[in-house]
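Read-outs: derived from the displayed coordinates by stated rules, not from any lab. This one's a predicted model, so the numbers in the text were calculated from it and none came from an experiment. Cβ placement follows ideal geometry from the backbone for every residue including glycine, while neighbour counts extend to all protein chains displayed.
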Amino acid sequence: MSIKSFVSSIAALFVGISALSAQTPEEIVKEMTTQLARCESEGFSMDFSIGLPIVGTFVSHNMVRGEKLRSEMEKEGKKSISWTDATTKWSYDVNAGEITISTKDSSTSSDTSDMEAFEGIVDGYDLVLQKETVDTWYILCKKSRKNKDKNDPKRMELAVAKATYLPVYLRARQSLFSFSIENITPGVSEESVTFDPAGFPGVKIIDNR
């Protein structure tokens, strides 16, 4: 076999392997949602930010496990922590040194609403693989014509880790506000999302239930 024929054969082999391993953005996102569902029992932690005109940007660190959510927010030196479960909400104003207990509003969305942003991407968006690195796929999500939900952003930027198929971030801008979900990590303990009054000695507790 000549050198030219050998090189051509090897090149054809690599092209064939690449074709077998290549994935469409739709396949990547479907596998991402599968992995997210598998990790639900372990819980998730994530950073969520939303930018609003005049008031600025709010950033919260959220931990979710089942129906329980713990959320920390800090802005302009004011810090608050909240816990919710299926029926109750605890709100801790760190600056005031007060914890208010109230009945959870049943009309609000579920505690996993941050993660729900990843649902329906395949059905509601046209996906384009913009680029990829050794570690990450970068996908542009453009709202499809069949998506009639006025609340859905027209464009979103999604990054997915190749090693785990978990999202690295989801970013979007819609009308006058922007949002991002980043630093998504599976694995949250039951204790970390459960309010324990013993951990706040001397703090005033106001029970409005």
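A few notes on this one:
- Test: residue in region 182-192 that is more than 28 Å from E40 (Cβ to Cβ), without any contact (Cβ under 8 Å) to a residue 12 or more places away in the chain and outside any strand (DSSP E or B): no
- Contacts under 8 angstrom Cβ, first residue in region 42-58 being over 16 Å from S180 (Cα atoms), partner part of a strand (DSSP E or B), 6 or more apart: E42/R65; E42/P186; G43/M63; G43/V64; G43/R65; G43/P186
- Subset of region 160-192 that is under 14 Å from Q35 (Cβ atoms) and touching a Leu at 6+ places or on another chain (Cβ under 9 Å) - its residue that is surrounded by the fewest Cβ atoms within 10 Å (Cβ to Cβ): T185
- The residues in region 139-161 that are in contact with a helix residue (DSSP H, G or I) (Cβ under 8 Å, 6 or more places away or on another chain) and part of a strand (DSSP E or B) can be counted, and the count is 6.
- Output for region 162-181, where each listed residue is free of Cβ contacts under 8 Å to residues at least 40 places away in the same chain and either part of a strand (DSSP E or B) or over 26 Å from W137 (Cα atoms) (or both): V168, Y169, R171, A172, R173, Q174, S175
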